[in-house]
1. Somewhere in the stretch 375-387, is a residue part of a loop (DSSP other than H, G, I, E, B) and surrounded by fewer than 18 Cβ atoms within 10 Å (Cβ to Cβ)?
2. Which condition breaks for Met353 when tested against (1) surrounded by 14 or more Cβ atoms within 10 Å (Cβ to Cβ); (2) under 21 Å from the mean Cα position of the chain (by Cα)?
3. Given the residues Met19, Met84, Met1, which is the only one that is outside the structural domain of Tyr117 (by TED's automatic domain parsing), out of contact with any Asp or Glu (no Cβ under 8 Å at 6 or more places or on another chain) and within 28 Å of Val141 (Cα to Cα)?
4. Any residue at all in the stretch 196-204 that's of a type outside the set (A, V, I, L, M, F, W, C), touching a Leu at 6+ places or on another chain (Cβ under 7 Å), part of a helix (DSSP H, G or I) and under 24 Å from Lys344 (Cα atoms)?
5. Picking from Ala146, Ala173, Ala158, Ala218, which residue would you name as being aliphatic (A, V, I, L, M), exposed (fewer than 13 other Cβ atoms within 10 Å of the Cβ) and in contact with a helix residue (DSSP H, G or I) (Cβ under 9 Å, 6 or more places away or on another chain)?
6. If you check Pro319, Pro329, which single one turns out to be out of contact with any Pro (no Cβ under 8 Å at 6 or more places or on another chain), without any contact (Cβ under 8 Å) to a residue 60 or more places away in the chain and in a loop (DSSP other than H, G, I, E, B)?
7. Residue check, Met84 against (1) under 19 Å from Pro124 (Cβ atoms); (2) among the hydrophobic types (A, V, I, L, M, F, W, C); (3) more than 25 Å from the chain's Cα centre (by Cα), all met but one. Which one?
8. Return only the number of the condition from (1) modelled with pLDDT under 95; (2) within 23 Å of the chain's Cα centre (by Cα); (3) of a type outside the set (Val, Ile, Thr); (4) not in a loop (DSSP other than H, G, I, E, B) that Gly228 does not satisfy.
Amino acid sequence: MGHKVTFLAGQLDRDGVLMPELHFQVPKVIKIHDKVVYDRGKYREVESEIFSVAGTIEGKLRRFFGNSRKIDLLIVANVLSLPMHFPLAVALTRVIEDFNIPTIARHHDFWWERKRYLKSNLFPFFERFFPPQIFLIKHTVINTLAQEEFKRRTGGDAAVIGDSFDFSSRRLARIGAYSAHFRRDFGLEKSDRVFLQATRIVPRKRFELSVKFMERLADPRAVLVICGRAGDEGVKYLKKIKNLCRAAKIRFRIVSDFVASKRKMVEVAGEGGFQRRRVYNLWDCYRNADFVLYPTSFEGFGNQFIEATYFKKPIIMTPYSVFTKDIEPLGFEVIKLTKAVNKKVIDEVKFLMKNKTAVSEMVEKNFDLGASHFSYEATSEKIRKLIL
């Protein structure tokens, strides 16, 4: 939109200002988080730790914002809604107030949407900082259900700005020389039909439903490819999914170790010594997929849905509440998957596997709808209303 943008974060995959203390996986921050959420302690018992770490972060933020920089607008992504980093929320709120910085707080997830926070005894702290109610902050949410709940809980207003993608460019969709190695590197044939699930490997993404679907589909060419990562909610679920895949005797590939934000070559130990392996990015996974599986039980909006739409892939999904309320009424066509994995969904997919024309009509329609509602151009209009 013509603005000069500077990224400030605890982890960066592009140019910006790196401030490691902002990362929610800093040991001190994890310790505080776990005390608040899991120890059922009283607020006073962890208050001093929170504000001590917050003081250090606040000092660094003050130097950054006060170093002859003119900040016209601060955009904060999820820091002030999901309490992963308690000290950062405190420090940031203070700096916004003291430096009088106009701020857009973009809220993807709220603490009241996560069971682990509802077990805590620190609701007054949550309500004070997640999000803070100060006049300098304009709030945005990513769906109308969150907008309604935000109003009910805080009494404040929030604009709805969902996820977006650059539909005006087809650059990312092209299979280049690097992407062309994807199937061979993971032992897949050109004739194989890749069913991609690109979500993080956490229980609410319901990978077991994808496994059931693949088992019922029973097509020797069909391969379940999982490229997301486990870890932020533990690795037990990943082990469970591997065991389910083996028990169901489906073809599957978990390629997470070789998918990152950027492509690169790495040295991997093998039987014959070290070998060079390609690491792919997420877009390479979509380029090489035939279908996208999306059996999630809950989403704030649905990045994978928008991505699959952009890459023109048929989407096999369980309609979650936000999809039903905000996305489906726009006219998108998907294959609806139920917990029972009924004959209807299997027949639909088998039909599409044989009918390129039907696939083309479906994905082109979805792409056009995505471009109309979730493109950068459509999103820019919503942002302009907030910053004028």
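The values are calculated or read from the model by the stated rules, or taken from the named source; none is laboratory data. On a predicted model such as this, the values are computed, not experimentally measured, just so you know. As a convention, Cβ positions derive from the backbone with ideal geometry for all residues, glycine included, and neighbour counts pool all protein chains shown.
1. Step one: filter the stretch 375-387 for residues part of a loop (DSSP other than H, G, I, E, B), giving none.
Checked the stretch 375-387: no residue is part of a loop (DSSP other than H, G, I, E, B) and surrounded by fewer than 18 Cβ atoms within 10 Å (Cβ to Cβ).
2. (2)
3. On the way: Met19 fails: outside the structural domain of Tyr117 (by TED's automatic domain parsing); Met84 fails: outside the structural domain of Tyr117 (by TED's automatic domain parsing).
Result of the check over Met19, Met84, Met1: Met1.
4. Residues of the stretch 196-204 that are of a type outside the set (A, V, I, L, M, F, W, C), as a first pass: 197, 199-200, 203-204.
Next, only the ones that are touching a Leu at 6+ places or on another chain (Cβ under 7 Å) stay: 197.
Filter once more, keeping what is part of a helix (DSSP H, G or I): none.
Scanning the stretch 196-204 turns up no residue that is of a type outside the set (A, V, I, L, M, F, W, C), touching a Leu at 6+ places or on another chain (Cβ under 7 Å), part of a helix (DSSP H, G or I) and under 24 Å from Lys344 (Cα atoms).
5. Numbers: Ala146 fails: exposed (fewer than 13 other Cβ atoms within 10 Å of the Cβ); Ala173 fails: exposed (fewer than 13 other Cβ atoms within 10 Å of the Cβ); Ala158 fails: exposed (fewer than 13 other Cβ atoms within 10 Å of the Cβ).
So the residue among Ala146, Ala173, Ala158, Ala218 that is aliphatic (A, V, I, L, M), exposed (fewer than 13 other Cβ atoms within 10 Å of the Cβ) and in contact with a helix residue (DSSP H, G or I) (Cβ under 9 Å, 6 or more places away or on another chain) is Ala218.
6. Numbers: Pro329 fails: in a loop (DSSP other than H, G, I, E, B).
Just one listed residue meets the conditions, Pro319.
7. (3)
8. Among (1) modelled with pLDDT under 95; (2) within 23 Å of the chain's Cα centre (by Cα); (3) of a type outside the set (Val, Ile, Thr); (4) not in a loop (DSSP other than H, G, I, E, B), Gly228 violates only (4).
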